[in-house]
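Chemist: I have a structure I would like to understand better, so I am pasting it below and will then ask my questions one at a time.
The values are calculated or read from the model by the stated rules, or taken from the named source; none is laboratory data. In this text, all values refer to a predicted model and were calculated from it rather than measured experimentally. Glycine also receives a Cβ, built like all others from the backbone with ideal geometry; neighbour counts cover every protein chain displayed.
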Amino acid sequence: MLTLLWTVALAATPTDPDAALGDQWLVIVSSKRDPAEVQPAMAAIAAHPELGLSPRTLASGHFKNLMPCYTVAVAQATPDKKVALGVVTKLKAAGIDAYAKNAGAHVGASAAIDAWCARKDDEDAVEGARLAVVVDGKLWLPSSAPSEQRDRVVQAAPPPVSLDAGYATWLSPAPAPPTVGRRVRVVEVDTGRSQVCAVSGGGVLTLGIPHFGLFQQPGTPKAPVCGSPALYDALTCPEATGSGPWVAVAEGAALDGYRREDASKELVAAATAALERDTDYEEPGEDVSRSVDVGVWRGPKGPFVVVAGTRTEGPGVCGGDESVWIRVFALDGAALGAPKGDWTTTAFATVRGLVDVGGDGVPELVLHTFPSVLSLDDIEGVPLDEHTTDYCDCPC
């Protein structure tokens, strides 16, 4: 469905003021679902006029390489990647977090994408595929109750209790949701195993990785220092849930899991040749490192080969740049078969798993994007769902 939405967007004639930013390198300082939440980042730039920047905001859904449904605060846009990375360095020196990303083609506004974003927060819990996470040995699914209802429950929740020694997970009890008893089919991303679970309760979770400085201070925190509280449905499952993420759908919906195997040397060589031929993976640069990850994923409609090529320039997440090209292929005997989609481009991401929502033989990918974003993407790179754990630490 979302592939169709992108087709509609691509067919539209660009008319918005963001059109000139197509294929530009964006220096991004904030990206939020709520437009008001990017204002602190905009104010931080305004407080440093010596940088000579004119920040602006844009709608992420207007660009091919940006995840839809976000307002993005941009400090500067430029066709030159090195210029963008230079601005990132200046912003970090001023205490403002930033990174550079190529916007991709400008696809313009789309009523279909806007409508999808508008209902994303209020859709039924498992009408579509959703990402679920394991917390304290239990599987939790973000609540899809109307936003007003979620807000009321969160505001009325008692003080939370820390569930881990790193103070990254806090839980407050919440009233049982109306979805109690609903059965959902879940697939473990890391192994492909499936089971049917039931909604058994609710809770308010605050998930956020605190700054390492927290552990250098005396005493222990009495409340979360990173993350925002959100309402979740608790799932009770017949089997252990492990520690990794899961994908959930309604019990009667089709959802196939896949398990990864290592690829042969010959398959890696063929995949690398395709990557070098079709992308900018071999683009020259200073202080560049490259890596190729090739996995064979076996399941009901497979096997599939997933190729991820990573090109990192400079210090990576500490002010450098990274491009990741991902493509899914069929496995033809022991050889690399026909591609199942185009190369998609992202940054600071790794392939976490492969599933088949709907059992149609066209797989979806679960990606982990630094620092702590999980996304379920279709084969063209369009996100179907995402789950973010706030990150307040410093990786550098």
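Chemist: Could you grab me the full set of residues in segment 304-344 that are of a type in the set (Val, Ile, Thr) and modelled with pLDDT under 90? Outline the logic, then answer.
Modeler: Looking only at segment 304-344, we keep the residues that are of a type in the set (Val, Ile, Thr), and these are 305-307, 310, 312, 317, 324, 326, 328, 344.
Within segment 304-344, just VAL317 meets the criteria.
Chemist: Looking at this structure, is VAL249 in contact with a Lys or Arg (Cβ under 6 Å, 6 or more places away or on another chain), outside any loop (DSSP other than H, G, I, E, B), β-branched (Val, Ile, Thr) and surrounded by 20 or more Cβ atoms within 10 Å (Cβ to Cβ)? Break it down into steps so the answer makes sense when it comes.
Modeler: On the way: in contact with a Lys or Arg (Cβ under 6 Å, 6 or more places away or on another chain): yes; outside any loop (DSSP other than H, G, I, E, B): yes; β-branched (Val, Ile, Thr): yes; surrounded by 20 or more Cβ atoms within 10 Å (Cβ to Cβ): yes.
Judged against the criteria, VAL249 is a match.
Chemist: Here is a follow-up. Considering only residues that are assigned to a strand (DSSP E or B) and closer than 22 Å to ASP393 by Cβ, which ones fall in segment 355-376? Walk me through it before giving the result.
Modeler: Taking segment 355-376 as the starting set, the residues that turn out to be assigned to a strand (DSSP E or B) are 355-357, 364-369, 373-376.
Within segment 355-376, LEU367, HIS368, THR369, VAL373, LEU374, SER375 meet the criteria.
Chemist: Follow-up question, since we're still on this one. Counting only residues that are outside any strand (DSSP E or B) and not small (Gly, Ala, Ser), which one in segment 341-354 is surrounded by the most Cβ atoms within 10 Å (Cβ to Cβ)? If you could, list the steps in order and put the result at the bottom.
Modeler: The initial filter retains those residues of segment 341-354 that are outside any strand (DSSP E or B), namely 341-343, 347-348.
Among the residues that remain, those that are also not small (Gly, Ala, Ser) are: 342-343, 348.
Details: ASP342: 13, TRP343: 17, PHE348: 20.
The extreme case among them is PHE348.
Chemist: Please work out which residue is farthest from GLY359 (Cα to Cα), limiting yourself to segment 203-221 and to residues that are in contact (Cβ under 8 Å) with a residue 60 or more places away in the chain and part of a loop (DSSP other than H, G, I, E, B). Spell out how you get there, then give the answer.
Modeler: First pass over segment 203-221, keeping only residues in contact (Cβ under 8 Å) with a residue 60 or more places away in the chain: 203, 205, 207-212.
This time we only want the ones that are part of a loop (DSSP other than H, G, I, E, B), so: 210-211.
Numbers: PRO210: 39, HIS211: 42 Å.
That would be HIS211.
Matching residues to (1) assigned to a loop (DSSP other than H, G, I, E, B); (2) under 30 Å from ALA84 (Cα atoms); (3) outside the structural domain of PRO339 (by TED's automatic domain parsing); (4) in contact (Cβ under 8 Å) with a residue 12 or more places away in the chain:
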| site | (1), (2), (3), (4) |
| --- | --- |
| GLY242 | yes, no, yes, yes |
| ALA271 | no, no, no, yes |
| GLY285 | yes, yes, no, yes |
| GLY295 | no, no, no, yes |
| GLY319 | yes, yes, no, yes |
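Chemist: Within segment 17-40, take every residue that is of a type in the set (A, V, I, L, M, F, W, C) and at pLDDT below 90 and give me the one that is surrounded by the fewest Cβ atoms within 10 Å (Cβ to Cβ).
Modeler: First, pick out the residues of segment 17-40 that are of a type in the set (A, V, I, L, M, F, W, C): 19-21, 25-29, 36, 38.
Adding the requirement that they be at pLDDT below 90 leaves 19-20, 36, 38.
Working: ALA19: 13, ALA20: 11, ALA36: 8, VAL38: 22.
Looking at the filtered set, the residue picked out is ALA36.
Chemist: Filtering segment 221-237 down to residues that are modelled with pLDDT of 95 or more and hydroxyl-bearing (Ser, Thr, Tyr), which residue is nearest to ARG260 (Cα to Cα)?
Modeler: Checking each candidate, the answer is THR236.
Chemist: Sticking with this structure for a sec: Given the criterion part of a strand (DSSP E or B), more than 30 Å from ALA94 (Cα to Cα) and without any contact (Cβ under 8 Å) to a residue 12 or more places away in the chain, identify the matching residue among ALA338, ALA308, ALA330. Spell out the reasoning first.
Modeler: Values: ALA308 fails: without any contact (Cβ under 8 Å) to a residue 12 or more places away in the chain; ALA330 fails: without any contact (Cβ under 8 Å) to a residue 12 or more places away in the chain.
Exactly one residue qualifies, and that residue is ALA338.
Chemist: Oh, and also: Specify which of the listed residues (SER289, SER323) is in a strand (DSSP E or B), crowded, with 18+ Cβ neighbours inside 10 Å and in the same structural domain as VAL357 (by TED's automatic domain parsing). Working first, answer last.
Modeler: Working: SER289 fails: crowded, with 18+ Cβ neighbours inside 10 Å.
Sole residue among the options that is in a strand (DSSP E or B), crowded, with 18+ Cβ neighbours inside 10 Å and in the same structural domain as VAL357 (by TED's automatic domain parsing): SER323.
Chemist: From the list PRO218, PRO175, PRO158, which one is at pLDDT 95 or above and over 25 Å from SER243 (Cβ atoms)? Show your work before the answer.
Modeler: Working: PRO218 fails: at pLDDT 95 or above; PRO175 fails: at pLDDT 95 or above.
Residue meeting the stated conditions: PRO158.
Chemist: Going by the structure shown, is VAL74 in contact with a Gly (Cβ under 6 Å, 6 or more places away or on another chain), buried (at least 19 other Cβ atoms within 10 Å of the Cβ) and not hydroxyl-bearing (Ser, Thr, Tyr)?
Modeler: On the way: in contact with a Gly (Cβ under 6 Å, 6 or more places away or on another chain): no; buried (at least 19 other Cβ atoms within 10 Å of the Cβ): yes; not hydroxyl-bearing (Ser, Thr, Tyr): yes.
No.
Let's see how each residue does on (1) under 19 Å from ASP23 (Cβ atoms); (2) in contact with a Phe, Trp or Tyr (Cβ under 7 Å, 6 or more places away or on another chain); (3) at pLDDT 80 or above:
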site	(1), (2), (3)
LYS90	no, no, yes
ALA93	no, no, yes
TYR99	yes, no, yes
ALA103	yes, yes, yes
SER110	yes, no, no
ASP114	no, no, no
ALA118	no, no, no
GLU123	no, no, no
VAL126	no, no, no
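Chemist: Picking from ASP256, ASP278, ASP233, which residue would you name as being under 30 Å from VAL27 (Cα atoms) and among the acidic types (Asp, Glu)? I'd like the intermediate steps shown before the answer.
Modeler: Numbers: ASP256 fails: under 30 Å from VAL27 (Cα atoms); ASP233 fails: under 30 Å from VAL27 (Cα atoms).
Checking each option against the conditions leaves just ASP278.
Chemist: Quick check on this structure: which one of LEU267, LEU231, LEU235, LEU275 is assigned to a strand (DSSP E or B), out of contact with any helix residue (DSSP H, G or I) (no Cβ under 9 Å at 6 or more places or on another chain) and crowded, with 17+ Cβ neighbours inside 10 Å?
Modeler: Working: LEU267 fails: assigned to a strand (DSSP E or B); LEU231 fails: out of contact with any helix residue (DSSP H, G or I) (no Cβ under 9 Å at 6 or more places or on another chain); LEU275 fails: assigned to a strand (DSSP E or B).
One residue alone meets the criteria, LEU235.
Chemist: Moving to a separate point now. So which pairs qualify, if the first residue must be in segment 149-172 and assigned to a helix (DSSP H, G or I), the second must be small (Gly, Ala, Ser), the Cβ gap must be under 6 Å, and the two must be at least 6 apart or on different chains?
Modeler: ARG150/SER143; VAL153/ALA174
Chemist: Of the numbered conditions (1) touching a residue at least 24 places away in the same chain (Cβ under 8 Å); (2) surrounded by 12 or more Cβ atoms within 10 Å (Cβ to Cβ); (3) on the phi < 0 side of the Ramachandran plot, PRO146 satisfies every one except a single condition; which is it?
Modeler: The single condition PRO146 does not satisfy is (2).
Chemist: I need the full set of residues from segment 261-300 which are of a type in the set (Gly, Ala, Ser) and out of contact with any strand residue (DSSP E or B) (no Cβ under 6 Å at 6 or more places or on another chain), in order please. Before you say what the answer is, go through the steps one by one.
Modeler: First, pick out the residues of segment 261-300 that are of a type in the set (Gly, Ala, Ser): 263-264, 269-271, 273-274, 285, 289, 291, 295, 299.
Answer for segment 261-300, where residues must be of a type in the set (Gly, Ala, Ser) and out of contact with any strand residue (DSSP E or B) (no Cβ under 6 Å at 6 or more places or on another chain): SER264, ALA269, ALA273, ALA274.
Chemist: Further question: Is it the case that segment 355-367 has a residue that's in contact (Cβ under 8 Å) with a residue 24 or more places away in the chain, at negative phi and of a type in the set (Gly, Ala, Ser)?
Modeler: No.
Chemist: Filter segment 93-112 down to the residues that are under 23 Å from the mean Cα position of the chain (by Cα) and over 22 Å from GLY61 (Cα atoms) and list them by number.
Modeler: If the condition is that a residue be under 23 Å from the mean Cα position of the chain (by Cα) and over 22 Å from GLY61 (Cα atoms), then ILE96, ASP97 are the ones that fit.
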